[in-house]
Amino acid sequence: MQPILFWVVGAISLMAGLVAVGHARPLRSTQGLVALMAANLILLFLLSTTLLAFEMLLVILGTMVVVWMVLVRPGRMKLGAPGRRRYNITKFLAFFAAIWLCAVIWWALSHPVKPAEKCTEGFCPQVEFGAWMSIFVLSIAAVSTIVVVSIRRRENREEGPE
Amino acid sequence: MIPSSHVLLLGLLQFTIGLVGLLLRRQGMVVVVSVVVMQNGILLVMCATAGGSSPSQVEGVVLLALAVAIALTGAAILYAFHRFRKSVLIDEHDRMKH
């Protein structure tokens, strides 16, 4: 099970690396790098290096914040657009998505992943728990982001050009 | 248990992808991203050779911090270049050569 999961995630990381290196737009390139690091996070859990995995998680979060604040937010989100309602559905959705993500991360951290030193072959439950947990958290983060951004884009389309 | 050879192979592939991007691309941001991709490959190789021991994980943390520092420094230099010449293509920034 572990080698299969390793190569599936490894293939994703290689594809993300190709996107990061080969895409013409720097924004897509940076997003490819974030995807590569997310795949490497799962690989680090599979390799039982939990300290490195959590460090990688911090780096991913920092990169996402920088990319979001510097590149995505000014162009796509139009947060300071004049005439926008102060309280709208996107803000509430983003708020609850952030609370939900914090709860999931807290739940994941309350289940410590120990290195499976004696696990030589077959199913290693503790190691695979960390890997599946990181896949779960990253999937929830991706789905929440897609939902919030798509709703905000629809709002932008409905409001029309400024 | 994942064999070390698999991890080494994957790390080598990531390193190669980053090296190709470093040598072939002109876009400054992509060059910085390529360096980080290479360092991710090195991190995987380090994990494969160390076998999950604690001192090697600390070395990995240092390597990761170094990767972030390099990326931020590269982005800052690119920003300065962009303000100076309105371009981020690295072959247009050759003032140090003359």
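A few points about this structure:
- FRET efficiency, A:K91 to A:I146 (Cβ-Cβ, R0 25 Å, nearest 0.05): 0.90
- For the chain pair B and A, buried accessible area totals roughly 2900 Å², probe 1.4 Å, rounded to the nearest 100.
- Per residue, region B:4-87 exposes an accessible area of 51 Å² to a 1.4 Å probe, with every protein chain left in place.
- Residue-averaged beta-carbon neighbours from other chains (10 angstrom radius) around B:27-34: 6
- Whether region B:4-87 is rounded, prolate or oblate, judged on the alpha carbon gyration tensor where a/c under 1.5 counts as rounded: oblate
- Degrees between helix B:28-50 axis and first principal axis of chain B (Cα, 0 to 90, nearest 10): 10 degrees
- Among A:7-19, A:46-58, B:58-70, B:75-87, the order from most to least packed when residues are scored by Cβ within 10 Å on average: A:46-58, A:7-19, B:58-70, B:75-87
- Carbon/sulfur fraction of accessible area - region A:1-41, other protein chains in place, 1.4 Å, %: 81 percent
- Within 10 Å of each Cβ in B:63-76, the average number of Cβ atoms from other chains: 2
- Inter-chain shielding of A:41-52 (mean C-beta neighbours from other protein chains, 10 Å cut-off): 6
- Length-normalised contact order for chain B - Cα pairs under 8 Å, 6+ apart - percent: 29 percent
The values are calculated or read from the model by the stated rules, or taken from the named source; none is laboratory data. Just so it is clear, the structure is predicted and the values come from calculations on it, not from any experiment. Counting neighbours? That spans all protein chains shown, and the Cβs are built from the backbone with ideal geometry, glycine included. These accessible areas exclude ligands, DNA and RNA; they are computed on the full protein's heavy atoms, side chains included. Shrake-Rupley method; radii C 1.70, N 1.55, O 1.52, S 1.80 Å.
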